[in-house]
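Below is one structure, written out as structure tokens; comments come after it.
All of the numbers you see were taken from the coordinates with simple rules; none came from a lab. If you're wondering where the values come from, they're calculated on a predicted model, not measured in any experiment. Positions of Cβ are generated from backbone atoms using ideal geometry, with glycine treated the same way; all protein chains shown enter the neighbour counts.
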Amino acid sequence: REVLEGNRFAASKGQDINLESFQSFLQKNGYLRTETVREPGEYAMRGGIVDLFPPGYSEPLRLDLFGSEIDKIRTFDPDTQRSLKEIPEFSLFPATELFMDEDSIARFRSGYREAFGVVRDDDPLYEAVSAGRRYNGTEHWLPLFYERMDTLFDYVPNAALTMDPHAGQVREDRLDQIKDFFEARKTLEGAASCKNGRKNTKSKDVSLSGSVYHPLPVERLYVEEAWEGEELSPFSAPDAEEGHAKKGRDFADIRALPDGDVFAALKEYIEGRGGSLERKTFIAAYSEGAAVRLKGLMEVAAIGPLTDCADYKAVKKLQPGQIGIGVLALERGFVAPDLAVITEADILGDRLARRAQKKRRADNFLTEISSLSEGDLVVHVDHGVGKFVALETLEAAKTLHDCLKIEYAGGDRLFVPVENIDVLTRFGGDEGSVQLDKLGGAGWQARKARVKKDLMVMAEHLLEIAAARQLKKAQKLDIGEGLYNEFAARFPYAETEDQERAIGDVLGDLSGDYPMDRLICGDVGFGKTEVALRAAYVAAMAGAQVAVVVPTTLLARQHYQNFTARFTGTGLRIEQLSRLISAKDTKAVKEGLADGSVNIVIGTHALFGKGISFANLGLLVVDEEQRFGVKQKERLKELKNNVHILTLTATPIPRTLQMSLTGVKEMSLITTPPVDRLAVRSFVLPFDPVVVREALLREHYRGGQSFYVCPRIKDIEQVAETLKELVPELKTVVAHGQMAPDMLEERMSAFYEGKYDVLLATNIIESGLDIPSANTLIVHRSDLFGLSQLYQIRGRVGRSKVRAYAYLTYLPGVQLNPQAQKRLEVIETLDTLGAGFQLASHDMDIRGAGNLLGDQQSGHIREIGVELYQQMLEEAVAAAREGGDMGAGVEERWSPQINLGTSVLIPDTYIQDLNVRMSLYRRLSDLEDSDDIESFAAELIDRFGAIPDEVNNLLDIVAIKQLCRKAGVGSVDAGPKGAVIGFHKDSPPNVEGLMRWIAEKGGAVKLRPDQKLVAIRHWDSPEKRVKGVQNLMKALSTLL
């Protein structure tokens, strides 16, 4: 404690600090220097700006220095890197409990020799600490660094502690577990040394990988039990209350009854609780919204009057016999002599307890992660597919320009100035088999023209379908609000914003005049099924039949169980139809569908079979349509006539694609995770048998299952053998894509039913499958997977309130290539909840649009890349809406070429990290107006300090390009004596207006025979040149 206090650093606004000694403090106290600060314990220095994230702070800090004086102290958002608020002062404590100063190193050396005698030359721990280097696991020798070790009680001497009566046993179990780990590690290392030809000798030194290991005696690290008895007083704290409470009433038995009325039972319980006049009652809801909804339902059931309680003090003020309601995050209720607490979970069933986390604004972070890296494929709008080789600074006419060097077939090279980065798009998708285009070749233009023509046809076809649908009539499906609200109240989660929006979209469509055809897109476990449940309830209660079609029997069973559980007590008949159902039951279901007695049927393609007819089909729900065969899709089209259709998919679809199809294909995206979903804890590590065994056993002993994912089928057999040796007590089942479909489904079903503990599979882990009990994931050779693949795989775990763990392993002793290392770092640090699904969309593979728009479109994406395809699709839909003719095609985006004779770049002296510079260049193409440019400039100042002239020039050119597009100008070449202006496609947009404007200028502006304008000026400084060109562009844009 004394050492910590002695290593505290406090400073306030206006104070002088010595930057060198401040940096020395940070290094000595365990802070890690990085380019961009995102995690606690990191710091970055950029000129007069210092970013740091002190442990214990909820947000990192940004210090703005004026010389050596602290000018401003601000907090900032680690995702967007934008400043949040100014604070007057800050205090820093060490980021580690291990100090490597001269005194502590000397103390360690002396204590180590005293404890273990003469030190051998090959003792890596002693050698590293002596040299002032950190060694992995040095914390195990912490007592040697200090004169005394403090406990928690030294920090909070007068605290009242609540002790678990089983704490002693837990402590013993934990120490036993540590001992087991140590023995397991020792055994493995011993076996390894025997294999390597070294005899394993018994000595007090344990040999680890050939190095000497001296463990400290356990009593040096842990306090003794006798000490606890002396230090802790057994008397209760004066403020604590003895409740003498017992478990409260859970209404699960009533909820399980087909005609159970929970609120009638609740009323009876409150009124006849055995002396209700002696007790007050408090209803505990999880959130404000839940309290309001619960209060409404209770008032309908004539329970009350209800008193709103803002906090526990208000509950204590209730009189016996009164009923209070408020927000208190309790899972279960209790009954005390004077108080009965009934929770929302007691009444409505399990509901998630935590508040919705603030939705992370990860857009900029995603752009930075997906910034162009050397070796990435890019698509130039005029020259086609090339490879981004490097960012190079070129000098021309004594000015510097940053350019992207793109390589084409035959070694040809093209340099693209950064201000024109908007002519480049990432290829994305599957880059494996893509050929580079030839620079200047005709192949790219022909390919692009063909795709453009096909896109135009498809856009017109989609618009025709949308128009035809509005001419058809479908049943209006609508029910009373009371019935619907009661059904909605049974939902065991708090709805996310996206979910509420999607439900609203669907209910609006169902009550409309024409048939719904809506796609709900969201990751597994993000709540698509709930949208389908609500739609099915409304349709069935309105008197229509509902058919839910899924691609596998396993999914059919899963949906059937979900539907049956949620529809208990509604009086609706729900059946399933698949090959697992007996012939007798199948016949009964078919008859029920024909006579209308079956309200909801859930089935596989068996629903398309002969002899299936519906009395009154009103809603068809299709799950993962792209996984059905051609014949089944044709039969689906027949079923779809004049009925409402809701399609569910887990394939990531980017919001940009959704926006471009607005009004053509109705879509609702669910990209926010459920309220209490815990982020998956991810660890990247070399394969370690002890860690793997412990992870699998821990999951098994907490009643769960594990996934073990292998990238290549050829490795599965070897991994299965390893697992048999490591965890002989667990049952493992193997599944991969080359198995017969029936066998694959049988094995997946067996795992789903809990017959196996571990599923060893390739990355075919069923995308639509929801296994809440599987919460540990181990990925073999994770360096062989792409970023979006790793996200998809990691998304298979963490589907319930239980914390999930993902271990991404790679071969020990093998140096990873930089790209693989970067991918694994990103997935380890990036919260899977905020950005996972968005990143999978961002890095969308070819399936995304193929599933949405047809297989032919997948081919088009392979030809021109994901991003350019999306741009052209948006343009095609816009042109089709406006009645653009096929001959004219689609007006392409174009990039005006600007040369002002000034240096244009982000210097590496301003931002050193190449990846950050590339991501900022990439974001330039997203700036659409002057507000965007101002916001971008403010962010640069905020993050990196005052903007240099070269960066200001860059922003000026982006602003001029925006004006050029409005004015129809394709190029501007400016110098001290004026500017030459070329129009896009050599065609001035308004010739008459232009000629009048030229005449008004009295010879200062001339039109050359080649349709270029010459403006004669005297601009003796770059600033005047920029201002002059801006004024010219504004004048030309007013002519349009």
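Shape of the range 681-830 from its Cα gyration tensor (a ≥ b ≥ c, root eigenvalues): rounded if a/c is under 1.5, otherwise prolate when a/b > b/c, or oblate? Judged from the Cα gyration tensor, the range 681-830 comes out rounded (a/c under 1.5). Under 5 Å from the amide H of Leu84 lie the amide H atoms of Thr75, Phe76, Asp77, each residue being 5 or more positions distant or on a separate chain, with H modelled from the backbone and absent for Pro and chain starts. Which links in Lys28/Lys822; Lys247/Lys313; Lys1006/Lys1034; Lys473/Lys590; Lys961/Lys1012 stretch past 19 Å when you go from one Cα to the other? Cα-Cα > 19 Å for Lys28/Lys822; Lys247/Lys313; Lys473/Lys590; rest within. Here the residues His1018, His140, His700, ranked from fewest to most Cβ neighbours within 10 Å of their Cβ, fall in the order His1018, His140, His700.
Going by neighbour counts of Cβ atoms within 10 Å, the residues Asp154, Asp757, Asp454 line up, fewest first, as Asp154, Asp454, Asp757. Students often forget the sequence filter, so: which aspartates and glutamates lie under 13 Å Cα-Cα from Lys438 once same-chain residues fewer than 8 apart are removed? Cross-link targets: Asp382, Glu407, Asp412. Among Leu52, Leu927, Leu790, Leu483, the ranking by other beta carbons within 10 Å of each residue's beta carbon, starting with the fewest, stands as Leu483, Leu927, Leu52, Leu790.
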